[in-house]
Every structure is written in C-alpha cells, then in structure tokens.
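We did not get these values from a lab; they are worked out from the coordinates using the rules stated. What you are looking at is a predicted structure, and each value in this text was computed from that prediction instead of being measured. So basically every Cβ, Gly included, is an ideal-geometry build from the backbone, and we count neighbours across all protein chains shown.
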C-alpha cells in the first residue's frame, strides 16, 4: 500500500470512529429520553400517593352515563385508585331487602359501614353512591370488596315481582359497561351473586333472580357497545 492509500485509509478510519461516536451519543440520548418518558409516566401515575397528596377528582362525577350521583358516607368505603392499586375482576349482584330510599339512607349512615357502588331501582333508574375507583364495603369480604364493583337492586329476594324488565335491562347495561371497562368476560365466573362471596351469610340475589336472562342481556349490551 502506498503513502496516498495509507492516508485515505486513515481518513476513513477516523470518519468511521467519529460516526461511531455520534451513533453512540445519539443512542445514549434516545435511551435517556425514553427513560425520562417512562419515569414521567410512572410519576404521573403515582404522584398522588405521596403523603398529603390526593388524586384529583370531579365532584359528582359518575362512571356510568345516565347514573344519578348520591354520595355514600365516607365511612362506608375506602378511598383508592382502582384498578391501579386493586385490579377489578368481579361484579357482585345484591338485593336491598327494602326500598330504594331506605337503601340510600343506610349507605349514607356512617354507623352502618356498608355501601355498594350502585343501586338500580325497579323503574331502571341507576344511582351511583361510590366511585368505581374506591373500595365499597358491600361484599363482607375484604378481598372481594377490593376486586369488585357492587350493584344493589331494589326489592326482596323472596319477591319475584321485584325484578322488573326495566331493572334487568338497566342493570345489564351497567354490568356490560363495567366488564368492558376492566376487560372482564360477561359470564358467571366474573358476574356473581352476593351469596357466592366466600364467608358471606347472605342469600341475594335469591332464587327468583334470572341469571340466564341477565347474563344474556349483559352480553348483548356488551356486543352493542363494541360495535359502536
């Protein structure tokens, strides 16, 4: 190799080294940016958990369109940030064993230490009392409280007439929306009665609750939502 060729080769090696350094710097910068983005995303998700800091919420906001907001007593649920801190994988079906007004009164009474997220009236009107973000004391089992959304239905387990067409339809739409929100199948493994919660002494929704009808309605409501 001649002197000219050696100089050309040296120039190429030097250019390659500069290019390599630039690529390394660029890669390092990209990695740093990516790390910063991930850290910023994690911080935005977790900043409210710092002492004295709460996640911002809109007063009176509901999780189900068309629901009426009536706040339960703060003693009857635990503030949380589901599903980030507790994954949601169940809907629990309850019956109030009384009228709508009496159920609301109980859920607003701090001495009872009980509340569900929703009540569905006989006429199909849906009321939300606890945000789905929060852990409502409805199942009588801490683990199931943390993992589920509770829906009360106005009426009595021994009275088949309690469960009207309007109630079934509205509650099925509500359950379909909850299942869609948390990626749950609409089936009897994920939509259960209070009677099926481990350790409970409750019997609701009772023998007159038509599970086949209800799950069928909820599945069709879920399918309709997915087509929109």
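Observations
- Elements of the type helices (runs of 4 or more DSSP H) sitting completely within segment 77-184 and holding at least 1 residues that are within 27 Å of residue 208 (Cβ to Cβ) and over 19 Å from the mean Cα position of the chain (by Cα): these cover 100-107, 165-182.
- Answer residue from segment 201-224, given it is surrounded by fewer than 17 Cβ atoms within 10 Å (Cβ to Cβ) and touching a helix residue (DSSP H, G or I) at 6+ places or on another chain (Cβ under 6 Å) and is farthest from residue 66 (Cα to Cα) among those: 203
- Condition check for residue 170: touching a helix residue (DSSP H, G or I) at 6+ places or on another chain (Cβ under 9 Å) and closer than 25 Å to residue 66 by Cα: no
- In the condition set (1) touching a strand residue (DSSP E or B) at 6+ places or on another chain (Cβ under 8 Å); (2) surrounded by 24 or more Cβ atoms within 10 Å (Cβ to Cβ); (3) more than 18 Å from residue 89 (Cβ to Cβ), residue 155 is compliant with all but (1).
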